[in-house]
Amino acid sequence: MNPSPLPDKERAPSLKRPFAVTTLFELVLMFTGLQALRLWGVLTSWDFLYSLPLSISPVLLGLSAAFWVALGLPLAWGIWSARGWAPRATRWAGIAFVTVHWLDRLILQIKGPQSDNWPFDLLMSAMLLISVIAILALPKARVYFGEKP
């Protein structure tokens, strides 16, 4: 009888967590923490943000940050505890994060001198996605998540 309420493939393996997976976990936590700070900033500066002539509502800023926090926390937990769904969810979350970032940058942000750094931003976006995909493709990471290497 299986003592765990989770199916065998959903339980964390007894393998040691690979360094690359730990790094990915920390990356997800960092992005989640930044979004939590963004949410905190929106909530604590609500009146000020409403007084600005922004093209985007503080409500949307807060909801966006809350969404990424709500996505990031279970994703980090899934990576840490080697859940079978975590690699696929992490890949899709990375693609979604970069896509939303670039939609925001191209559509909503005010054009000005700060928009001249798009090559650096593009490089960082590509490096983020490549890093996530590469880490999850490593044989040790695949074994850790219960995938066939």
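Scoring residue 31 on the criteria (1) surrounded by fewer than 13 Cβ atoms within 10 Å (Cβ to Cβ); (2) closer than 30 Å to residue 148 by Cβ leaves a single failure, condition (1).
Using beta carbons and a limit of 8 Å, which pairs, at least six apart or on different chains, have the first residue in segment 43-55 and among the hydroxyl-bearing types (Ser, Thr, Tyr) and the second one assigned to a loop (DSSP other than H, G, I, E, B) and at pLDDT below 85? If the second residue must be assigned to a loop (DSSP other than H, G, I, E, B) and at pLDDT below 85, the pairs left are 55/110.
Residue under question is residue 93, and the condition is that it be in contact (Cβ under 8 Å) with a residue 12 or more places away in the chain, among the hydrophobic types (A, V, I, L, M, F, W, C) and outside any helix (DSSP H, G or I); does it hold? Criteria not met by residue 93.
In this entry, residue 40 passes the filter for residues that are more than 14 Å from the chain's Cα centre (by Cα), at pLDDT 95 or above and surrounded by 11 or more Cβ atoms within 10 Å (Cβ to Cβ).
Residue 65 meets all of the listed conditions (1) under 14 Å from residue 145 (Cβ atoms); (2) surrounded by 15 or more Cβ atoms within 10 Å (Cβ to Cβ) but one, namely (1).
Only one of the numbered conditions (1) touching a Ser or Thr at 6+ places or on another chain (Cβ under 6 Å); (2) surrounded by fewer than 13 Cβ atoms within 10 Å (Cβ to Cβ); (3) not β-branched (Val, Ile, Thr) is violated by residue 116, and that is (1).
Listed here are the residues, each with its yes/no results for (1) at pLDDT below 90; (2) within 18 Å of residue 32 (Cα to Cα).
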{"position": "50", "(1), (2)": "yes, no"}
{"position": "72", "(1), (2)": "no, yes"}
{"position": "76", "(1), (2)": "no, yes"}
{"position": "94", "(1), (2)": "no, yes"}
{"position": "108", "(1), (2)": "yes, no"}
{"position": "113", "(1), (2)": "yes, no"}
{"position": "126", "(1), (2)": "no, no"}
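Can we say residue 143 is of a type in the set (Val, Ile, Thr), crowded, with 16+ Cβ neighbours inside 10 Å and in contact (Cβ under 8 Å) with a residue 24 or more places away in the chain? Explain how you work it out, then say what you get.
On the way: of a type in the set (Val, Ile, Thr): yes; crowded, with 16+ Cβ neighbours inside 10 Å: no; in contact (Cβ under 8 Å) with a residue 24 or more places away in the chain: yes.
When the stated conditions are applied, residue 143 does not pass them.
The values are calculated or read from the model by the stated rules, or taken from the named source; none is laboratory data. Source: prediction; values computed, not measured. For neighbour counting, all protein chains shown are included, and Cβ atoms are generated from backbone atoms with ideal geometry for every residue, glycine included.
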